[in-house]
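A short write-up of the structure that comes next.
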Amino acid sequence: MRSLTLYTPFFVPHIGGMERALYRITTALSRRSWIVHIDTSELTPPDIKHQAITRSGASLVEWADGVQRRTLRLDPEHGPILFASLGPGTGLQQLAAASEFRKRGGHSIWRTPTADHASRNLVEHPGKAASAFDRIVANGNASAVMTRSAVPGVPVSVVPNLLLDEEVKGHDEDLASPRRADLAWAGRVEARKQPEQLAACLNRAARKGLVVVAQPVPSFGNLTMYDQFCDSLDDRVRLLQPTNGMHRDIAVASVFLHLSTREGSPNSLLEAASRGQWIIASDIPECRELLQDYPAVAWLTNFHDFDHHLVAHLAREDSVDMRIGMVQRIRERHNEETVVGMWGAVLAQPELADRA
């Protein structure tokens, strides 16, 4: 049995893309002879079930301050450690823990959540990052390019996000279901998601008489922006409450909207494509890469074009057979078996990581 310990301040709170990706990775590895332990903060909801999960630290800093002490208990021969977020207040502590683990002969990896995460959090500490990690894993080529530029001393591999087998089965049900709404959006309310423009698009669609549903989630530490966004929505936009997962009405809407200025590889778009939804997405490299060969996407370069794209999508021929055809390439690239094989190479043998 192979062992892996994941250090992450958050683990599956609501719709968070990074946390959901981590849940998928660790769940899939656990099914394939990996003993996976999650080390996270007490900010992670207590009802999340996993193979082995430890919560400590009532704040991010309190959690991070204890990471190095906890890594000292690990035997490097038992398996690698994986870090997931190096945000303000936690990054230096995690870098120190990873560096110490490597000095004892261990294998330490960082999985970057967004393309600009390294440039925001590691660019001032390239030496610390180089001593801390054997390898960085990005979930897309666009993210890897920015990460290599910010941290040139550490090799970067690309391993795409995955969809668990049971999620794909659920997407099959969504794909075959009647549409419940014309337009849907779900995600965290934060600056890079362009909340003012997002609200304007949702409101314009609702005021035209279309059925619009939105499921916003507050970004950690920024409840004010969440409240402002919700208050700015037209009363005709159906506002759904945050939950641990995507609301059914979002999953079976005709068109899925995604706005962002920067991503890693957006899970919400991956899920929408696997469900066979029509998509309107910001024209950024990370989204382009994820949705390559997906025929049902309109790229938004100018917010004035949103209405045109939405009308065009809703006027298109739509059928279950057509949706089935659209999802095949996405599912082939992101299926559980293929992506876990790539993770296995990175985690088990660092020298094989460039082949992943």
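The values are calculated or read from the model by the stated rules, or taken from the named source; none is laboratory data. The structure presented is a predicted model; accordingly, all values stated were derived computationally and were not measured. All Cβ positions, glycine included, derive from the backbone under ideal geometry; neighbour counts span all protein chains shown. These area figures cover heavy atoms from the full protein model, side chains too; ligands, DNA and RNA do not enter into them. Shrake-Rupley method; radii C 1.70, N 1.55, O 1.52, S 1.80 Å.
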If you average the sequence gap of Cα pairs under 8 Å that are 6 or more apart and divide by the length of region 106-202, what percent do you get for the contact order? 23
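Over region 220-356, with the other protein chains present, what is the accessible area per residue in square angstrom, probe 1.4 angstrom? Mind dumping the intermediate values first?
Numbers: 6190 Å² over 137 residues.
Normalised by residue count, the accessible surface of region 220-356 is 45 Å².
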Given +1 on the Cβ of Lys and Arg, -1 on the Cβ of Asp and Glu, and no further charges, what dipole in debye does region 93-193 carry about its Cα centre, rounded to the nearest 20? 540
Taking each pair of distinct Cα atoms in region 213-339 once, what is the resulting Kirkwood hydrodynamic radius in Å? 15.9
With everything on Cα atoms, drop me the angle between helix 17-30 and the longest principal axis of the chain, reported from 0 to 90° to the nearest 10. 60
How much accessible area does S319 have with a 1.4 Å probe, in Å² rounded to the nearest 10? 40
Rounded, prolate or oblate (a/c below 1.5 giving rounded, otherwise prolate when a/b exceeds b/c) for region 57-125 by Cα gyration tensor: oblate
Out of L183, L290, L198 - ranked by how far each Cα lies towards the positive end of the dipole of the chain, with unit charges on the beta-carbon of charged residues - the top one is L290
Please report how far the C-alpha centroid of region 267-306 lies from that of region 151-198, rounded to the nearest whole angstrom. 10
Note down the accessible area of S33, probe 1.4 Å, to the nearest 10 Å². 60
Using alpha-carbon positions, the gyration tensor of region 118-236 gives root eigenvalues a ≥ b ≥ c; with a/c under 1.5 called rounded, otherwise prolate if a/b exceeds b/c, else oblate, the class is oblate
What list of ³J(HN,Hα) couplings, whole Hz, do you get for region 183-195 from phi and the Karplus terms 6.51, -1.76, 1.60, once you set θ to phi - 60° and write x for glycine and proline? 9, 9, 9, 8, x, 7, 8, 8, 4, 5, 8, 6, x
Please find, in a Gaussian network model of the chain (springs between Cα atoms separated by less than 10 Å), the residue of I53, I279, I250 whose mean-square fluctuation is greatest. I53
Got a number for the accessible area of E317? Probe 1.4 Å, square angstrom, nearest 10. 140
In nanometres, the difference between 0.36 nm per residue of separation and the alpha-carbon distance of H308 and E337 is 6.5 nm
Please state the relative contact order of region 138-291 as a whole percent: Cα pairs under 8 Å, 6+ residues apart? 29
Assigned charges on the beta-carbon of Lys, Arg, Asp, Glu; the chain dipole about Cα centre (debye): 540
Between helix 320-334 and the chain, what is the angle of the helix's C-alpha long axis to the longest principal axis, kept within 0 to 90° and rounded to the nearest 10? 20
Two-site label geometry, L43 and A200: point separation in nm, points 7 Å out along Cα→Cβ: 3.1
Which length gain, in nm to one decimal place, applies between L164 and R148 when the Cα-Cα distance is subtracted from 0.36 nm times their residue separation? 2.9 nm
Part-to-part distance (alpha-carbon centres) for region 323-346 and region 227-241, which is given in Å: 35
What is region 6-106 by shape, rounded, prolate or oblate, if you read a ≥ b ≥ c off the alpha carbon gyration tensor as root eigenvalues and call it rounded for a/c under 1.5, prolate for a/b larger than b/c, and oblate otherwise? oblate
